[in-house]
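Here's the structure we're looking at; comments come further down.
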Amino acid sequence: MKINAARLQDHFEAMSLIGKIGETGTCRPAHSQEEKKAFELAASWMKEAGMSTKIDNFGNLIGRLEGVDNQLPVLMMGSHLDSQPYGGRFDGVSGVLCAIEVLMTMKENGIVPKRAIEIISFADEEGWRFNKGLFGSRGILGKLEEGDLKRTDKDGITRGQALKEFGCDITKFKESEYAKDSIYCFLELHIEQGPVLDIAKKPIGIVSGISGPLWLTVKLKGQAGHTGSVPMPLRKDALLGAAEIIVALNQIATQVKGNPTVGTVATINVFPASRNIIAEEAEFTVDLRDIDLDRRHEYERQLMDKIEEISKKNGLTYSIKEDTNSEPRYCADWIKSIIKNNCEKLKLDAPELMSGPFHDALALSYACDYGMIFVRCKDGISHNPLEYSSYEDLALGTLVLLGTVMDILDR
Ligand SMILES: [Zn+2]
C-alpha cells in the first residue's frame, strides 16, 4: 500500500494556517477558537477517511471508523492539535495528520478493520494555558485531579468556563470516559523534539518509553555578610554551594557516556540578591530523568550525598522538597517489535530511543499497551516556530504507522 505524500503535505500546510504566527509559527491555545477551527478541518479529513466525528465533554476531537466487530476493544491513535504559545507546525499535529493519512490509505484500498479504530486529538496536551497538561487524555481515563476545572489562565478564565465556551458539558464527564479494557492499544507518532535522530542521520526512531522526571526544589541557607569584609575562609555562601551542586548534578548525569540520563537545574533564586551581600539563601529546581528507574534512584542518592557534602563544606543548611516523582512508562515490547519489522521492511535503520518529554501516550500507558514512533526534527528544535520535520520523513513515519496498524489488526 502506498500513502499519498502530496496529500499529507497539503494537510500539514492547511493546518499550519490556523493560529499562524510569523512565517512558520503556531499559536493554538487549548479550548480556543483556533483549536476549534483546527478540529473542524481535521474532522473534515476524518470524514473523508470514512470516520464519524465528535467533540467530547473534555474538548477532545474523536474520529471513529467502525470495524467488523465493534465489540472488540478499539485501536486508538492520536496526539494533539493545541500548540505552545510560540510553537511550531509539527508538535502534536504529526500524530493526528499522519494517523488520518493511514486511514485514508486504508479506505482507498478497501480495507475494513476487524476492530474499530479511533483517532483522537487530545485537548490541552501542552498545559501552558492552565499550568497543567494532558487534560483530555487524563479525562477519558477518569484521571482528572481535584481543582483541574478551577485552574485559571492569565486572563482569569477558568478551565471550566473555557470548556463551556468550547461547547462541552462539564457536568457530563462520565459520558466521555472510556470503560476499563475498552482500548486495545494506543499508537502515537510524534516528532522527536530532540537532536538524537538528526545527529544520527536517521529519519525514524522507535520509542522505548517515556522517562519519568524527578522534580526537586533545593533550598540552601548560609549567612549574609559584606562582600568586601568577610574573609573567604569564614564565609557561608549559599550561592557558591548551589553552584557546586549544579556542577555535581551535571557530573552525576554524565558519568556513563552514552546513557540517556538527563539532569538539569534551570531556575535559581538568590536572597537577598544584592551585589555586595554574600548570598544568604539560594533556592533552585532539579529535573532528573531516566528511562531506568533504578539508575535514577541511584543518581538521586548520589545527588543527596553531594548536597550533604557540599553544604557541610560551605557551612550551609539545606532543605529539599519533592515536587514530582513520576515513574518511567515503557512501550510494549510486542508493539516495538512490530514497529521495528515495519522499519526493516522499508530498509530503515531505526534506533530505539527514550522520550524525555511527556506525550498523551503517557496518560494512555495506564490504560493499555502503547507504542510510539519518532520522526526526526531538524537540529532537535521544538516548542519554537523554527521547529521543522521534512515531509519526506513524515511520509516515512506514516508508512511505518500504516504497516504497524495493519500488523496489529492481523493479531
Ligand atoms: Zn506534543
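Would you point out the residue of the range 179-197, among those that are of a type in the set (A, V, I, L, M, F, W, C), in contact with a Leu (Cβ under 6 Å, 6 or more places away or on another chain) and within 21 Å of residue 141 (Cα to Cα), that is nearest to the ligand (Cβ to nearest atom)? Lay out the reasoning, then the answer.
Within the range 179-197, the first condition is being of a type in the set (A, V, I, L, M, F, W, C), and the residues that meet it are 179, 183, 185-187, 189, 191, 196-197.
Next, from what is left, pick out any that are in contact with a Leu (Cβ under 6 Å, 6 or more places away or on another chain): 186, 189, 196.
Checking which are within 21 Å of residue 141 (Cα to Cα) leaves us with 186, 189.
Details: 186: 14, 189: 11 Å.
Restricting to residues being of a type in the set (A, V, I, L, M, F, W, C), in contact with a Leu (Cβ under 6 Å, 6 or more places away or on another chain) and within 21 Å of residue 141 (Cα to Cα), the top hit is 189.
Can you find a residue in the range 206-220 that is touching a residue at least 60 places away in the same chain (Cβ under 8 Å), β-branched (Val, Ile, Thr), within 16 Å of the ligand (Cβ to nearest atom) and closer than 29 Å to residue 343 by Cβ?
Within the range 206-220, one or more residues are touching a residue at least 60 places away in the same chain (Cβ under 8 Å), β-branched (Val, Ile, Thr), within 16 Å of the ligand (Cβ to nearest atom) and closer than 29 Å to residue 343 by Cβ.
Residue 258 is checked against (1) at pLDDT 95 or above; (2) within 28 Å of the chain's Cα centre (by Cα); (3) more than 23 Å from residue 362 (Cβ to Cβ) and fails just one. What number does that condition carry?
Unmet for residue 258, out of (1) at pLDDT 95 or above; (2) within 28 Å of the chain's Cα centre (by Cα); (3) more than 23 Å from residue 362 (Cβ to Cβ): (1).
In the range 262-297, what count of residues is obtained for those that are within 30 Å of residue 355 (Cα to Cα), among the charged types (D, E, K, R) and exposed (fewer than 13 other Cβ atoms within 10 Å of the Cβ)?
1
Filter the range 373-396 down to residues that are touching a Lys or Arg at 6+ places or on another chain (Cβ under 9 Å) and closer than 21 Å to residue 105 by Cβ and give me whichever is farthest from the ligand (Cβ to nearest atom). Steps first, answer last, please.
Narrowing the range 373-396 to residues touching a Lys or Arg at 6+ places or on another chain (Cβ under 9 Å): 376, 385-390, 393.
Adding the requirement that they be closer than 21 Å to residue 105 by Cβ leaves 389-390, 393.
Working: 389: 12, 390: 18, 393: 16 Å.
Restricting to residues being touching a Lys or Arg at 6+ places or on another chain (Cβ under 9 Å) and closer than 21 Å to residue 105 by Cβ, the top hit is 390.
Hey, does the range 37-48 have a residue that's small (Gly, Ala, Ser), at pLDDT 95 or above, closer than 28 Å to residue 404 by Cα and surrounded by fewer than 16 Cβ atoms within 10 Å (Cβ to Cβ)?
yes
Looking at 247, 256, which one is within 16 Å of residue 220 (Cα to Cα), of a type outside the set (D, E, K, R), out of contact with any helix residue (DSSP H, G or I) (no Cβ under 8 Å at 6 or more places or on another chain) and not in a strand (DSSP E or B)?
247
Do we have any residue at all in the range 91-100 that's farther than 25 Å from residue 11 by Cβ, in contact (Cβ under 8 Å) with a residue 60 or more places away in the chain and crowded, with 17+ Cβ neighbours inside 10 Å?
So far as the range 91-100 goes, no, none of its residues is farther than 25 Å from residue 11 by Cβ, in contact (Cβ under 8 Å) with a residue 60 or more places away in the chain and crowded, with 17+ Cβ neighbours inside 10 Å.
For every residue, the table says whether it meets (1) free of Cβ contacts under 8 Å to residues at least 60 places away in the same chain; (2) of a type in the set (S, T, N, Q); (3) touching a strand residue (DSSP E or B) at 6+ places or on another chain (Cβ under 8 Å); (4) over 18 Å from residue 320 (Cα atoms).
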{"site": "244", "(1), (2), (3), (4)": "no, no, no, no"}
{"site": "255", "(1), (2), (3), (4)": "yes, yes, no, yes"}
{"site": "267", "(1), (2), (3), (4)": "yes, yes, yes, no"}
{"site": "273", "(1), (2), (3), (4)": "yes, no, no, yes"}
{"site": "288", "(1), (2), (3), (4)": "no, no, yes, no"}
{"site": "291", "(1), (2), (3), (4)": "no, no, yes, yes"}
{"site": "296", "(1), (2), (3), (4)": "no, no, yes, no"}
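Test residue 137 against the stated conditions and say whether it is in contact (Cβ under 8 Å) with a residue 60 or more places away in the chain, within 27 Å of residue 71 (Cα to Cα), within 16 Å of the ligand (Cβ to nearest atom) and assigned by TED's automatic domain parsing to the domain that holds residue 30.
Against the criterion (in contact (Cβ under 8 Å) with a residue 60 or more places away in the chain, within 27 Å of residue 71 (Cα to Cα), within 16 Å of the ligand (Cβ to nearest atom) and assigned by TED's automatic domain parsing to the domain that holds residue 30), residue 137 qualifies.
What number of residues within the range 350-361 are within 11 Å of the ligand (Cβ to nearest atom) and not aromatic (Phe, Trp, Tyr)?
At the first step, the residues of the range 350-361 found to be within 11 Å of the ligand (Cβ to nearest atom) are 355, 357-361.
With not aromatic (Phe, Trp, Tyr) added as a condition, the list becomes 355, 357, 359-361.
Adding up the residues that qualify gives 5.
Starting from residues that are away from the ligand (no atom under 16 Å from the Cβ) and outside any loop (DSSP other than H, G, I, E, B), keep the ones in the range 63-100 and report whichever is nearest to residue 133 (Cα to Cα).
Per the stated criteria, the residue is 76.
The values are calculated or read from the model by the stated rules, or taken from the named source; none is laboratory data. This structure is a prediction, so every number in the text was calculated from the model and none was measured. Positions of Cβ are backbone-derived with ideal geometry, glycine not excepted, and every protein chain shown enters the neighbour counts.
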